[in-house]
1. Rg and Dmax of the chain, using alpha carbons, in Å: what are they?
2. Please report the carbon-and-sulfur percent of the accessible area for the chain; probe 1.4 Å, protein heavy atoms only, DNA, RNA and ligands left out.
3. Residue by residue, what Karplus-based ³J(HN,Hα) values in Hz, rounded to whole numbers, does the range 59-69 have, using 6.51, -1.76 and 1.60 with θ = phi - 60° and x for Gly and Pro?
4. Note down the magnitude of the dipole of the chain about its Cα centre, charges +1 on Lys and Arg C-beta and -1 on Asp and Glu C-beta and zero elsewhere, to the nearest 20 debye.
5. For a quick check, take a GNM of the chain with Cα springs below 10 Å and name the residue from 30, 91, 71 with the largest mean-square fluctuation.
6. 5 Å is the cut-off here: which amide hydrogens, built 1.01 Å from N in the peptide plane, fall below it relative to residue 4, excluding neighbours closer than 5 in sequence?
7. With a ≥ b ≥ c the root eigenvalues of the C-alpha gyration tensor of the range 1-43, is it rounded (a/c under 1.5), prolate (a/b larger than b/c) or oblate?
8. What number results when the radius of gyration of the range 59-110, computed over Cα atoms, is divided by 2.2 N^0.38 Å?
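The values are calculated or read from the model by the stated rules, or taken from the named source; none is laboratory data. Worth saying up front: this structure is predicted, and the values here are computed from it rather than measured. Positions of Cβ are generated from backbone atoms using ideal geometry, with glycine treated the same way; all protein chains shown enter the neighbour counts. The area values use the complete protein model at the heavy-atom level, side chains included, leaving out ligands, DNA and RNA. Shrake-Rupley method; radii C 1.70, N 1.55, O 1.52, S 1.80 Å.
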Amino acid sequence: MVLRFCPFCANLLRFREHSSGNRFACPTCPYIYPIRSRISSRIYFTGKERADIIDAESTWMGVDSTDERCPKCSHPRAYFKQLQTRSADEPMTLFYRCCNHECAHTWRVD
């Protein structure tokens, strides 16, 4: 988005459609800035996948471990962390990751 300002009174110019061509016009003085070429660009937000947020190795750095048995390999300990996955008035979701690095199974408790 391009913002243009009036060189005389410094007000923000507003887009106006006109029969002679589109233009930016000052709302307080008669200044007009004609649009000579079309400018368009689009930026698409891709966002992060849920798996990238939960399973990324960097998110598991420095977390604590507890006595929680892995449902996949039955290892007796697991790392844990809490994330806000729903609205703020909902409780946080507890995620576990097996301390057995060969397994590294991740599961959650709502």
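1. Final numbers for Rg and Dmax: 27.6, 77 Å.
2. It is 51 percent, rounded to a whole number.
3. Ordered by residue, 3J(HN,Hα) equals 6, 9, 6, x, 8, 7, 10, 8, 7, 9, 7 Hz.
4. 940
5. Comparing 30, 91, 71 in a Gaussian network model of the chain, the most mobile one is 30.
6. Amide H to amide H, under 5 Å and 5 or more residues apart or across chains, residue 4 pairs with 13.
7. Because a/c hits 1.5 or more and a/b fails to exceed b/c, the range 1-43 counts as oblate.
8. 1.17
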